[in-house]
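Peer 1: One structure is given below, represented as structure tokens, and several questions about it will come after.
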Amino acid sequence: MFIDTAKVLLKAGNGGNGAVTFHREKYIANGGPDGGDGGKGGDILLCGNTHLTTLADFRYKRKYAAPDGAKGDGGCRAGRKGEDIVIALPIGTVIKDAETGRIIADISSEKPVIIAKGGSGGAGNRHFATATRQCPRFAKAGAPGEEREVLFELKLLADVGLVGFPNAGKSTLISAISNARPEIADYPFTTLRPNLGVVYGDSENSFVMADIPGIIEGAAEGVGLGHEFLRHIERCRLLLQVVDVASTEGRDPKSDFDVICSELERYSPLLASLPRIVAANKTDSAIEEMVDDFCTYVRGRGFEVFPISAVTGVGLKELKYYIFKALPTLPAIKVYEPEPEPELKIENDRPFTVTNNEGVFIIEAPWLIRILNSVNMDDYESLQYFQRVLRQSGIIAELERQGVNEGDTVSIYDFEFEYVR
């Protein structure tokens, strides 16, 4: 079964807690704190796999959780890091935030991408020893790992996309000029999934062609099968519209051409604006006057048209030559850039806790983790934004209520700073 969308919940590992221990050794009365740090939680990474062509693996398994980091131990021993999880996806899968639709990543290569970061390990009590606080009996808890629900959306990577009505001859065409071997029959909707084929020229030239299941009138609104696969031609550099000029299904070729143009425009104006050429197929069964009339009509609409017969091979050489010549002049296959995360709106009721541990003010607020990951503390404007978040959320007011003084240490997960009024 061909599945090209899946909604998955990803949970990175939590960081391990820091340890509260003290050095114990014979003849050493006061060894001092030696609590080790907690281990970092495991990340969740996504990578492309050229051997995968569908998202069927995610049909039943819809939640992935990375292991947590281990807690620290005495003797300054750090906890073990949680193992990362690497999820393999078909090349061309776009990762979106399930709630907002924001593009997070585009898996267009085999290079791994971190999609959910594991929480950092908490600091052991040895980090909090000072000249005046020589026996800190507290440590930091590990930060929680990122949790996000994402949408996997497969958009095939192909140079040329075949579009047209069912039984227009798209499958026959791709099998005639490429290494693809789709199922071919004389009934509508024989093709139930996109097929990819490589078309070879000389030893150095080739391109990838995608056969998209037949589009019918109303596809943009969800009629038929074609609407399910229109996303797969969004990346194509060139569209090849195949039209049955022999009217073997009893339809008018010019009407078929106009309907497909209309459906592409209604689905996405950007899709309709892609470079496009037309193949007037089944000329071996068509009346010559009908072929000439159709070609004249299409050229009048501003498109190049090639009379062909995918069965006999007539016109295929000229069609391939034109595509090989045109592709180098067209933009590369589209790769979606990650969209910036919108600035988080601060609400006064966001929960947080402030704990005073022997002069160290520890703030715990899970919603702050995402902000911390996005703030550049070396950038003045970014730092100002972070300070504004602390003030608007009421954290600064709570620190002052608990008696924080200038120079006191404030700890927010793996980030520490001295309080300045």
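Peer 1: Given the criteria more than 30 Å from residue 158 (Cα to Cα), in the same structural domain as residue 114 (by TED's automatic domain parsing), at pLDDT below 95 and in a loop (DSSP other than H, G, I, E, B), does residue 68 qualify?
Peer 2: So residue 68 fails the test.
Peer 1: If I filter the stretch 106-126 for residues that are over 27 Å from residue 197 (Cα atoms), more than 21 Å from the chain's Cα centre (by Cα) and hydrophobic (A, V, I, L, M, F, W, C), do I get at least one hit?
Peer 2: Within the stretch 106-126, one or more residues are over 27 Å from residue 197 (Cα atoms), more than 21 Å from the chain's Cα centre (by Cα) and hydrophobic (A, V, I, L, M, F, W, C).
Peer 1: When the residues of the stretch 18-41 are narrowed to those that are among the charged types (D, E, K, R) and buried (at least 16 other Cβ atoms within 10 Å of the Cβ), which ends up farthest from residue 148 (Cα to Cα)?
Peer 2: Once the filter is applied, the top-ranked residue is 34.
Peer 1: Going residue by residue through the stretch 136-143, is there one that turns out to be at pLDDT 85 or above, over 21 Å from residue 339 (Cα atoms), within 33 Å of the chain's Cα centre (by Cα) and not charged (D, E, K, R)?
Peer 2: So far as the stretch 136-143 goes, yes, one or more of its residues are at pLDDT 85 or above, over 21 Å from residue 339 (Cα atoms), within 33 Å of the chain's Cα centre (by Cα) and not charged (D, E, K, R).
Peer 1: Moving on. Being of a type in the set (Lys, Arg), modelled with pLDDT of 80 or more and surrounded by 19 or more Cβ atoms within 10 Å (Cβ to Cβ) is the requirement here; does residue 231 meet it?
Peer 2: For residue 231, the condition - of a type in the set (Lys, Arg), modelled with pLDDT of 80 or more and surrounded by 19 or more Cβ atoms within 10 Å (Cβ to Cβ) - is not met.
Peer 1: Restricting the stretch 183-220 to residues that are crowded, with 20+ Cβ neighbours inside 10 Å and part of a loop (DSSP other than H, G, I, E, B), which is modelled with the highest pLDDT?
Peer 2: Looking at the filtered set, the residue picked out is 212.
Peer 1: Also: Output the residues belonging to the stretch 8-31 that are touching an Asp or Glu at 6+ places or on another chain (Cβ under 8 Å) and within 25 Å of residue 129 (Cβ to Cβ).
Peer 2: Once the filter is applied, which keeps residues that are touching an Asp or Glu at 6+ places or on another chain (Cβ under 8 Å) and within 25 Å of residue 129 (Cβ to Cβ), the stretch 8-31 yields 15, 16, 18, 19, 21, 22, 23, 31.
Peer 1: Would it be correct to say that residue 152 is modelled with pLDDT under 80, buried (at least 19 other Cβ atoms within 10 Å of the Cβ) and either among the hydroxyl-bearing types (Ser, Thr, Tyr) or more than 25 Å from residue 312 (Cα to Cα) (or both)?
Peer 2: It is false that residue 152 is modelled with pLDDT under 80, buried (at least 19 other Cβ atoms within 10 Å of the Cβ) and either among the hydroxyl-bearing types (Ser, Thr, Tyr) or more than 25 Å from residue 312 (Cα to Cα) (or both).
Peer 1: Can you pull out the strands (runs of 3 or more DSSP E) entirely within the stretch 225-314 that have at least 1 residues that are touching a residue at least 60 places away in the same chain (Cβ under 8 Å) and under 28 Å from residue 157 (Cβ atoms)?
Peer 2: 238-244, 276-281
Peer 1: Hey, another quick one. Could you check, for the stretch 19-29, whether at least one of its residues is assigned to a strand (DSSP E or B) and under 30 Å from residue 194 (Cα atoms)?
Peer 2: Looking through the stretch 19-29, none of the residues is assigned to a strand (DSSP E or B) and under 30 Å from residue 194 (Cα atoms).
Peer 1: In addition: Select from the stretch 42-51 the residues that are crowded, with 16+ Cβ neighbours inside 10 Å and part of a loop (DSSP other than H, G, I, E, B) and list them in ascending order.
Peer 2: Matches in the stretch 42-51: 42, 43.
Peer 1: Next question, about the same structure. Taking residue 11 and the conditions (1) within 30 Å of the chain's Cα centre (by Cα); (2) more than 16 Å from residue 148 (Cα to Cα), which numbered condition does it fall short on, given that it satisfies the others?
Peer 2: Only one criterion in (1) within 30 Å of the chain's Cα centre (by Cα); (2) more than 16 Å from residue 148 (Cα to Cα) is unmet by residue 11, namely (2).
Peer 1: Can you tell me how many residues in the stretch 110-135 are at pLDDT 85 or above and assigned to a loop (DSSP other than H, G, I, E, B)?
Peer 2: 11
The values are calculated or read from the model by the stated rules, or taken from the named source; none is laboratory data. Worth saying up front: this structure is predicted, and the values here are computed from it rather than measured. Cβ sites come from the backbone with ideal geometry, for glycine too, and all protein chains shown count toward neighbours.
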